[in-house]
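Here's the structure, in structure tokens; my notes come after.
The values are calculated or read from the model by the stated rules, or taken from the named source; none is laboratory data. The structure presented is a predicted model; accordingly, all values stated were derived computationally and were not measured. All Cβ positions, glycine included, derive from the backbone under ideal geometry; neighbour counts span all protein chains shown. Please note that ligands, DNA and RNA were not included when accessible areas were found on the heavy atoms of the full protein model with its side chains. Shrake-Rupley method; radii C 1.70, N 1.55, O 1.52, S 1.80 Å.
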Amino acid sequence: MIYVTRREVFSAAHRLYNPSLSEEENEKLFGKCGSPNWHGHNYTLDVIVKGDIDPLTGYVIDLKELKNILNENVIKKLDHKNLNVDVDFLKGKIPSGENLVVAIWNELVNKISKGKLYSVKLFETENNYFEYRGEEN
Ligand code: NI
């Protein structure tokens, strides 16, 4: 089994905030991550597809194709957006790295044209990243 990774970057604003909690509880839980006027991150997204090599092409998946799939389904919807208000697939979710990486997986899992989605890794800072491999892994 071969694992192929495509990396993309995007920039987005967010605020960690749970509307079902009081201002005080939000402040206590999220501190400056909940700052009312938003803050931003330069995210790095690694998407890993696993599969066998197609003898016709030598590829698991054509990386140009994978790039287009990521751009159409995820990057265009996230880049330079406010994750709390602009993104249809994040509606009603706290835009934490955890929720974001699962939502990105769900957007991509049925769109991968060859091979199978194996892992989505989302780097929020140099030191913090989130990985999701679906329910079965
Ligand atoms: Ni943040």
Residue check for residue 8: away from the ligand (no atom under 16 Å from the Cβ), in a helix (DSSP H, G or I) and among the acidic types (Asp, Glu): no
Single condition residue 76 does not satisfy, out of (1) under 20 Å from residue 131 (Cβ atoms); (2) away from the ligand (no atom under 16 Å from the Cβ); (3) under 18 Å from the mean Cα position of the chain (by Cα): (1)
Residue in segment 72-79 that is touching a strand residue (DSSP E or B) at 6+ places or on another chain (Cβ under 9 Å), open to solvent by 40 Å² or more (accessible area, probe 1.4 Å) and not in a helix (DSSP H, G or I) present: yes
Test result for residue 39, within 16 Å of the ligand (Cβ to nearest atom) and either without any contact (Cβ under 8 Å) to a residue 60 or more places away in the chain or open to solvent by less than 60 Å² (accessible area, probe 1.4 Å) (or both): yes
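Is it fair to say residue 68 is within 16 Å of the ligand (Cβ to nearest atom) and under 20 Å from the mean Cα position of the chain (by Cα)? Steps first, please.
On the way: within 16 Å of the ligand (Cβ to nearest atom): no; under 20 Å from the mean Cα position of the chain (by Cα): yes.
Taking the combined requirement at face value, the residue does not satisfy it.
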Residue, surrounded by the most Cβ atoms within 10 Å (Cβ to Cβ), within segment 89-137, restricted to residues that are away from the ligand (no atom under 14 Å from the Cβ) and among the polar types (S, T, N, Q): 119
Enumeration of residues in segment 1-18 that are surrounded by 14 or more Cβ atoms within 10 Å (Cβ to Cβ) and not acidic (Asp, Glu): 4, 6, 10, 12, 13, 14, 15, 16, 17
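Applying the selection to segment 11-25, what residues are within 16 Å of the ligand (Cβ to nearest atom) and more than 16 Å from residue 99 (Cβ to Cβ)?
Of the residues in segment 11-25, the ones within 16 Å of the ligand (Cβ to nearest atom) are 11-18.
Across segment 11-25, the qualifying residue is only 11.
Specify which of the listed residues (54, 86) is more than 16 Å from the ligand (Cβ to nearest atom) and not small (Gly, Ala, Ser).
Working: 86 fails: more than 16 Å from the ligand (Cβ to nearest atom).
Just one listed residue meets the conditions, 54.
Taking the residues in segment 24-53 that are of a type in the set (A, V, I, L, M) and part of a strand (DSSP E or B) as candidates, determine which candidate is farthest from residue 133 (Cα to Cα).
If we filter segment 24-53 for residues that are of a type in the set (A, V, I, L, M), which is where we start, we get 29, 45, 47-49, 53.
Pick out the ones that are also part of a strand (DSSP E or B) and you get 45, 47-49.
Values: 45: 14, 47: 10, 48: 9, 49: 11 Å.
Among them, the one singled out is 45.
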Odd one out for residue 21, checked against (1) closer than 22 Å to residue 116 by Cβ; (2) outside any helix (DSSP H, G or I); (3) among the aliphatic types (A, V, I, L, M); (4) open to solvent by 20 Å² or more (accessible area, probe 1.4 Å): (1)
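If I go through segment 81-137 residue by residue, how many of them are outside any loop (DSSP other than H, G, I, E, B), in contact (Cβ under 8 Å) with a residue 24 or more places away in the chain and within 28 Å of residue 19 (Cβ to Cβ)? Step through it out loud before you land on a result.
If we filter segment 81-137 for residues that are outside any loop (DSSP other than H, G, I, E, B), which is where we start, we get 81-82, 88-90, 97-108, 116-123, 129-132.
In the following step, the residues that additionally are in contact (Cβ under 8 Å) with a residue 24 or more places away in the chain were identified as 81-82, 97-98, 100-102, 104-105, 107-108, 116-123, 129-132.
Among the residues that remain, those that are also within 28 Å of residue 19 (Cβ to Cβ) are: 81-82, 97-98, 100-102, 104-105, 107-108, 120, 122-123, 129-132.
Residues in segment 81-137 being outside any loop (DSSP other than H, G, I, E, B), in contact (Cβ under 8 Å) with a residue 24 or more places away in the chain and within 28 Å of residue 19 (Cβ to Cβ): 18 in total.
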